[in-house]
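The values are calculated or read from the model by the stated rules, or taken from the named source; none is laboratory data. Bear in mind that the values here come from a model prediction, so they are computed numbers and not experimental data. Cβ: placed from backbone, ideal geometry, glycine included. Neighbour counts: every protein chain shown.
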């Protein structure tokens, strides 16, 4: 496993990392989480991504228990969380200040809740999970700064923010001498490239932005498993993931995936490994967050690290020819 | 109940809210406070206004006990307090640094006292209850900033400050990179409009000022109950409220109130509901603080929320024709 | 007793206040301190001046015990301390970083020691007791700012600093957005006027500097008691005060004091009361610190408050004619 | 022993001080450390230099135990530590964020570890032990500022940084109103002069940089003991110091050392004393850190203080003629 700096910061992340979205506390219990985290760590993974909203806080509980049992030195691993959605039930109409917001009231209470669930004194990375047009960016920047000043987090960033909003947060922090955002967590895969490759372009140099990218497999589409429709045991078949089905069964994209098969075969790797390695090949990417519900799947995903150096300019061009016209 | 952002901040308040002035610990004990707060919360009210000076601290004690009993999630409600008058007895001539002041000595001790009485770790909103020409605005801004940095309050603002003083506080905070004032709590009703509608005009856009307005009923004048003089069971008859009598029995204003009765009748609402809805109709107003000493009164007041959409431009003009010449 | 703002700050001090220099723990024990502080408080005094160096910390111990016994509300009194000299024995040659310095190491340890001796959570005023040319003003400003940010003191200032150094401290704090100095404690009496009346002139308006002046009686010279030499029971006869003798027996000054006697007689007051009232007459002075080793002396000194309004322009001119040529 | 200000700061250090590199926990146990520190303190030494990396944290443990036993007043001594290398085993490949770095994650955890090992509430001086091109200087400056704001250290500086990097740290701190670096710890001896004498030249005036220099004896070369090769009981013979051998047996340098012998003899001192005194003669040097594994060696080194005034311009020129052409 190789390591990369998180943007221009001094923190180094494994180029492949492990996320808990979808899986922890849903498909994966504490023992399984512990087993997979241990395997990832043994393979060199040092970044474990999480969010308050994953499994409504239970993903943090599971990871917290696993970390406690694993007893790794605190310097050796990096844990994140993210805030925006909140934990309140959608039926709790009075929770409007704690749902889909980045206001100060929510953020200051959210971090304390996450640290308690994770059983940690601090998280390494804290993300604003989505932009909130209903809160001034300055209010959010102050709250993130205060989290860091109070020692509850080390670095802060954004997830799925526009280039303009990220820039605004950076400039406000610079002007008021506050801790600046360091990283962004965007979706990035063969069919979703423009934000990372075009829109954020100036931010890499101007503010040293680092990326922790998610969904390298396009929710599974890039594994080829949706070529014949939605398999029963797939994510697309889960009731709470129904919103993914239209994208997963996209005809032209599945056809392109089929055309990627010989490319993968030529490299001696699976489609999933090809897709993960492709995302990690972009030097702007600090780490590609992978997910897994089974140990074998995790190990297969992490083996993509060996594919990265095989992605020569020629291979990349072959991939572009198949997929670029379908990418947004 | 609808919700509005507190000015440009990310915090959302119910358009009608519940204040404890005059009533708590005077006419209302803990059980009654609990009952009324519960009813307000059930109706969608999420902001409960308070001040150190209300009933000399007892209003905070009562609300603190009620909140403790009600066990609402902390994210679901917003509590305020205000500092300026202090709690010292007027006979305690040595308490001059803790009375009618916004100096650092008083403010830093006052917040600790309020949090103890309220049994809270923090208040959401903290107000400078009146301007203090005897303390530099910069000294007050620093103290309010320190309260927020220390986590004892989330947002700060002013009450009954001039536009110039609010602007000064904002600019000083901006220059020294301190937490800025977010809201103002002015008196606002049909007979007291100029501050909100004229003097503060630039502040809404320039600094995103939010308003939590008080006295929508002009101390009861707008309910029509003072048309025939001061009833025995009214606020105007209370010895400690004697200063209100002159205003409450103002002849021309009571005549105007009488002329508002058919307007209310046409809308199918009471005079009080009309007055409350009128204040809330102003989009600059974040929330209208209402008071009540009885549950039935509270419910009647909150029903004003349904009147707000009925205040068409035509109705507003009818109201203006009756009241505008009498308003300051 | 009248009260004045400490310069432009929002803190109000009694125009006459009580200092513990020379007396506490030397001539005055805890019981006597308590008795005199109670008498001063009853007379309206709200400021009690102290310093780490007075009686090598024992003056703070005595005042702390007295305050504890007196149980006044914390808002009702103002306590100061001062740092520069340190508490180390002159024989302790290794204590050079804690003696005659305003470096960060000394200051950060000194405040903790003072608070412990005073049994207080914070002092209201903290002074840099003398200038330290061996420490950059910026280092001292940062340390004083940190004391205030940490809640260990409310306001900071200087004592016997030059106008240029005070200005430098103010400008450095302004530039770096730190807590600014608010007050200065200079010697001020009929024979020592230029610093207050000339050198600091611009500072009053430019930075709102307040003054807490010391030695209104010029160490006793202005009481007239040294006209015939040094009495056995006077401060001038104390071995540790020998450095004062030359000044106290100055022939021309004692002659001038004799000429002030009819002025005092015309006002119906003592020479000491005249001198104290004269210092307090200057509107730039926030408070005149008086000292006393006996209750009767304290009461006589505080009665000078009644003399202040009697100092008409004519009386002040008479006093100037006698003393101005001898003043530095 | 004379004392000098640490650059333009208000802290004073003994011109000769005691370091624990190489020796503590390796050649020196707690009892010996205590004995030598007591002897140094008796000779006037007030600065005891340390680093997290010396003997992998054990040097801090030894010094902490010795300090605890010696019971000196905290104001009387100055302790340093340094961060960069980290304590992780080179075999722990997952510790990459805690090894050879100045990132925030490492620094914030490192200071807590050092304070625990030293059994202190704060260190006086904290150094960035080496530059880290893999972390932005701004990230490091913020972390050092936070250490000082939190009271865990009093002054911060660098060790073996280039003039440009030191300047950058200073300017970033100035711009963002953070605590600025105060000192640098460079190697400085007769054969290694350019950094101190040329490269840092502007920094002394522009930012008041102080120097705590190390290796005055060039790892022993300047004692003359390597003239005939590496003695069995010397540092050069230690396996973990093998990297020093080439430098220690440099022919021309050892020949120069031989020519310095008559210079030392004329001054009535040893070669080691001459070399230590020479480094301390530079007024830009705040203190020369000396090391010792035996009490007699310590006492001999400290006696170099008496040699400093004997280094007249003529003597210094004689020394330059012998060594300058060999110095880098």
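For every residue, the table says whether it meets (1) out of contact with any strand residue (DSSP E or B) (no Cβ under 6 Å at 6 or more places or on another chain); (2) within 19 Å of residue B:190 (Cα to Cα).
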position: B:211; (1), (2): no, yes
position: B:215; (1), (2): no, yes
position: B:221; (1), (2): yes, yes
position: B:230; (1), (2): yes, no
position: B:243; (1), (2): yes, no
position: B:264; (1), (2): yes, yes
position: B:267; (1), (2): yes, yes
position: B:277; (1), (2): yes, yes
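Would you check which residues across the stretch C:1-31 are surrounded by fewer than 23 Cβ atoms within 10 Å (Cβ to Cβ), in contact (Cβ under 8 Å) with a residue 60 or more places away in the chain and not in a strand (DSSP E or B) and list them?
Those that are surrounded by fewer than 23 Cβ atoms within 10 Å (Cβ to Cβ), in contact (Cβ under 8 Å) with a residue 60 or more places away in the chain and not in a strand (DSSP E or B): C:1, C:2, C:8, C:21, C:22, C:27.
Checking residue C:76 against (1) facing another protein chain (nearest Cβ under 10 Å); (2) closer than 18 Å to residue C:128 by Cβ, which single condition isn't satisfied?
All conditions are met except number (2).
Would you confirm whether any residue within the stretch D:145-154 is within 24 Å of residue D:201 (Cβ to Cβ), in contact with a helix residue (DSSP H, G or I) (Cβ under 8 Å, 6 or more places away or on another chain) and in contact (Cβ under 8 Å) with a residue 24 or more places away in the chain?
Step one: of the stretch D:145-154, the residues within 24 Å of residue D:201 (Cβ to Cβ) are none.
There is no residue in the stretch D:145-154 that is within 24 Å of residue D:201 (Cβ to Cβ), in contact with a helix residue (DSSP H, G or I) (Cβ under 8 Å, 6 or more places away or on another chain) and in contact (Cβ under 8 Å) with a residue 24 or more places away in the chain.
Please indicate, with yes or no, whether at least one residue in the stretch A:145-155 is more than 16 Å from the chain's Cα centre (by Cα), under 22 Å from residue B:208 (Cβ atoms) and assigned to a helix (DSSP H, G or I).
In the first step, residues of the stretch A:145-155 are kept if they are more than 16 Å from the chain's Cα centre (by Cα); the result is A:145-154.
Next, only the ones that are under 22 Å from residue B:208 (Cβ atoms) stay: A:145-146.
Adding the requirement that they be assigned to a helix (DSSP H, G or I) leaves A:145-146.
For the stretch A:145-155, residues more than 16 Å from the chain's Cα centre (by Cα), under 22 Å from residue B:208 (Cβ atoms) and assigned to a helix (DSSP H, G or I): present.
Within the stretch A:208-218, count every residue that is assigned to a helix (DSSP H, G or I) and either surrounded by fewer than 21 Cβ atoms within 10 Å (Cβ to Cβ) or touching a helix residue (DSSP H, G or I) at 6+ places or on another chain (Cβ under 7 Å) (or both). Talk me through it step by step, then tell me what you get.
Restricting attention to the stretch A:208-218, the residues satisfying the condition of being assigned to a helix (DSSP H, G or I) are A:218.
Those left that are additionally either surrounded by fewer than 21 Cβ atoms within 10 Å (Cβ to Cβ) or touching a helix residue (DSSP H, G or I) at 6+ places or on another chain (Cβ under 7 Å) (or both): none.
Result for the stretch A:208-218: 0.
Looking at this structure, is residue C:56 out of contact with any strand residue (DSSP E or B) (no Cβ under 8 Å at 6 or more places or on another chain), surrounded by fewer than 21 Cβ atoms within 10 Å (Cβ to Cβ), under 25 Å from residue C:165 (Cβ atoms) and away from every other protein chain (no Cβ under 11 Å)? If you could, list the steps in order and put the result at the bottom.
Working: out of contact with any strand residue (DSSP E or B) (no Cβ under 8 Å at 6 or more places or on another chain): yes; surrounded by fewer than 21 Cβ atoms within 10 Å (Cβ to Cβ): yes; under 25 Å from residue C:165 (Cβ atoms): no; away from every other protein chain (no Cβ under 11 Å): yes.
Taking the combined requirement at face value, the residue does not satisfy it.
Looking at this structure, is residue D:239 buried (at least 19 other Cβ atoms within 10 Å of the Cβ), more than 14 Å from residue D:191 (Cβ to Cβ) and at pLDDT below 95? Spell out the reasoning first.
Details: buried (at least 19 other Cβ atoms within 10 Å of the Cβ): no; more than 14 Å from residue D:191 (Cβ to Cβ): yes; at pLDDT below 95: yes.
So residue D:239 does not fit the description; no.
Looking only at residues in the stretch C:109-142 that are at the interface with another protein chain (Cβ under 9 Å from one of its Cβ atoms) and out of contact with any strand residue (DSSP E or B) (no Cβ under 7 Å at 6 or more places or on another chain), which one is surrounded by the most Cβ atoms within 10 Å (Cβ to Cβ)?
C:139
Taking residue D:205 as meeting all but one of (1) part of a loop (DSSP other than H, G, I, E, B); (2) modelled with pLDDT of 95 or more, write down the number of the exception.
Condition (1) is where residue D:205 drops out.
If you go through the stretch C:283-316, how many residues are under 28 Å from residue C:209 (Cβ atoms) and surrounded by fewer than 16 Cβ atoms within 10 Å (Cβ to Cβ)?
Within the stretch C:283-316, residues that are under 28 Å from residue C:209 (Cβ atoms) and surrounded by fewer than 16 Cβ atoms within 10 Å (Cβ to Cβ) number 7.
Go through B:146, B:92 for me and flag whichever is at the interface with chain C (Cβ under 9 Å from one of its Cβ atoms), surrounded by fewer than 23 Cβ atoms within 10 Å (Cβ to Cβ) and under 25 Å from residue A:97 (Cβ atoms).
Exactly one residue qualifies, and that residue is B:146.
Taking into account only those residues within the stretch D:95-108 that are in contact (Cβ under 8 Å) with a residue 12 or more places away in the chain and under 22 Å from residue D:151 (Cα atoms), which is farthest from the other protein chains (Cβ to nearest Cβ)?
Residues of the stretch D:95-108 that are in contact (Cβ under 8 Å) with a residue 12 or more places away in the chain, as a first pass: D:98-104, D:106-108.
Right, trim to under 22 Å from residue D:151 (Cα atoms) and you get D:102-104, D:106-108.
Numbers: D:102: 6, D:103: 3, D:104: 5, D:106: 7, D:107: 9, D:108: 7 Å.
Per the criteria, the residue is D:107.
Scan the stretch C:99-108 residue by residue and report those that are over 20 Å from the mean Cα position of the chain (by Cα) and either surrounded by fewer than 23 Cβ atoms within 10 Å (Cβ to Cβ) or at pLDDT below 95 (or both).
Once the filter is applied, which keeps residues that are over 20 Å from the mean Cα position of the chain (by Cα) and either surrounded by fewer than 23 Cβ atoms within 10 Å (Cβ to Cβ) or at pLDDT below 95 (or both), the stretch C:99-108 yields C:99, C:108.
Criterion first (under 30 Å from residue D:304 (Cβ atoms), crowded, with 23+ Cβ neighbours inside 10 Å and either in contact (Cβ under 8 Å) with a residue 40 or more places away in the chain or within 12 Å of another protein chain (Cβ to nearest Cβ) (or both)) does residue D:61 satisfy it?
Working: under 30 Å from residue D:304 (Cβ atoms): yes; crowded, with 23+ Cβ neighbours inside 10 Å: no; either in contact (Cβ under 8 Å) with a residue 40 or more places away in the chain or within 12 Å of another protein chain (Cβ to nearest Cβ) (or both): yes.
Answer is no for this residue.
Just need a number here: residues in the stretch C:317-328 that are surrounded by 14 or more Cβ atoms within 10 Å (Cβ to Cβ) and touching a strand residue (DSSP E or B) at 6+ places or on another chain (Cβ under 9 Å).
Qualifying residue count for the region: 1.
Out of the helices (runs of 4 or more DSSP H) lying entirely within the stretch C:221-313, which hold 1 or more residues that are in contact (Cβ under 8 Å) with a residue 40 or more places away in the chain? Please lay out each step first, then the result.
On the way: elements: C:245-248, C:251-267, C:271-281, C:295-302.
Correct list: C:251-267, C:271-281, C:295-302.
So, in the stretch C:156-195, how many residues would count as being within 16 Å of residue C:8 (Cα to Cα), surrounded by fewer than 23 Cβ atoms within 10 Å (Cβ to Cβ), more than 14 Å from chain D (Cβ to nearest Cβ) and out of contact with any helix residue (DSSP H, G or I) (no Cβ under 7 Å at 6 or more places or on another chain)?
Total meeting the criteria: 0.
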